[in-house]
Amino acid sequence: MSRSLLPQCIATLGLGLGLSCNALAEMDLHEYLGTQAKGMAGSFRGVASSNDALHYNPAGLSTVRRLNIDSEYLFEFAPQTGHRIGANAVDSVSSALGAGVDYHLGAFSNADGKEVFSHNGRLAAAMAVLPPWINLGLTLKYLHLPPLNDEEKLFSGFSLDGGSLVHLPYGLSWGVVGYNLIPTHSEKAPISLGMGAAWDAVRGLGPENSYERVLPSAPSWLTLAFDWLYRDLADTAKKDHQLSVGAELVLAKMIPVRAGYAWSVNGPENHLSVGTGFVSQTFACQFVYEHRFDLDKPAMFGFVLRGYL
């Protein structure tokens, strides 16, 4: 694509619209958006091959050539829900620098039944410092997190995520991400550490130039992933870890089938996820269903519409 088309592409990308509904108790930065990542139960830090990298690992923005927009909707079957509307755009075609923009506005009810609003804006960039093996990325984000009860405090300010994604021989990859590296002093956005390992069948079994494949024309037909998240590095007493495993199988280069399971140590966020969809050269629609083993918020359903430019 010609670099002269970048202004028009950026304007078009701005039309991407996402909608989501999240339970009040889960209104934090670890209730990530993204149907591909959720379909793999969050096992995505070592994959980071779609717009979901904006939330999981910004280093992934430079690993796969793409120029696309997402329109997403998530609905959580729960007694109490909030609403979040937003947009995101990713461009790693116009230049060697992969970049993405994401903004979400949330509307929630606090303990008194009053509606409060949250803001989550992200600007991310990534570069392959040793192509295609080593990729680094940063996300600057603005957070406005209102209190939902008398014990919580308002946080409004900036923070930073930093991630790395290393591609190893035989289709292996390894991602490490630090979240909220500028301390927010908020329980909703603690300093966290995430790691992920993945195996990509195209890179593992295909030719070396498969690193340069362009989605969706040649997606990997099989991806296996494992992730670990330490939610709050400052709270050593709670030791809230989350482990997840996930897999994605692409049939006939058009139909992704995903499944994953996540469980928490000293936490209630155990859940099973499944997902599927359809991918073409210019368009994709994908779905996810997440069953949570918690009676207060038993399930979540979502879908995404994506256009490739």
Among (1) at pLDDT below 95; (2) surrounded by 15 or more Cβ atoms within 10 Å (Cβ to Cβ); (3) in a strand (DSSP E or B) - the single one Val202 does not satisfy: (3)
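Determine, yes or no, whether Leu172 is touching a Leu at 6+ places or on another chain (Cβ under 7 Å), among the hydrophobic types (A, V, I, L, M, F, W, C), within 25 Å of Ala128 (Cβ to Cβ) and surrounded by fewer than 20 Cβ atoms within 10 Å (Cβ to Cβ). Can you show your working first?
Working: touching a Leu at 6+ places or on another chain (Cβ under 7 Å): no; among the hydrophobic types (A, V, I, L, M, F, W, C): yes; within 25 Å of Ala128 (Cβ to Cβ): yes; surrounded by fewer than 20 Cβ atoms within 10 Å (Cβ to Cβ): yes.
Criteria not met by Leu172.
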Within region 111-149, the residues that are over 19 Å from the mean Cα position of the chain (by Cα), surrounded by fewer than 19 Cβ atoms within 10 Å (Cβ to Cβ) and over 24 Å from Tyr73 (Cβ atoms) are Ala111, Asp112, Gly113, Lys114, Val129, Leu130, Pro131, Pro132, Trp133, Ile134, Pro147, Asn149
If you go through region 87-107, how many residues are over 19 Å from Asn57 (Cα atoms) and buried (at least 21 other Cβ atoms within 10 Å of the Cβ)? 1
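Confirm whether Arg213 is modelled with pLDDT of 95 or more and of a type in the set (Lys, Arg). Please lay out each step first, then the result.
Values: modelled with pLDDT of 95 or more: no; of a type in the set (Lys, Arg): yes.
The answer is no for Arg213.
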May I ask you to list the residues in region 274-283 that are under 18 Å from the mean Cα position of the chain (by Cα) and of a type in the set (A, V, I, L, M)? Val274
Filter result (assigned to a strand (DSSP E or B) and either among the β-branched types (Val, Ile, Thr) or closer than 18 Å to Asp232 by Cα (or both)) within region 167-185: Val176, Val177, Gly178, Tyr179
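Out of all the residues in region 264-273, which are at pLDDT 90 or above and over 16 Å from the mean Cα position of the chain (by Cα)? Full working, then the answer.
Pass one, region 264-273, residues at pLDDT 90 or above: 272-273.
Residue satisfying the conditions is Leu272 alone.
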Among (1) at pLDDT 95 or above; (2) among the hydroxyl-bearing types (Ser, Thr, Tyr); (3) in a loop (DSSP other than H, G, I, E, B), the one test that Ser164 misses: (3)
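The values are calculated or read from the model by the stated rules, or taken from the named source; none is laboratory data. Note that the structure is predicted; figures quoted are calculated from it, not measured. So basically every Cβ, Gly included, is an ideal-geometry build from the backbone, and we count neighbours across all protein chains shown.
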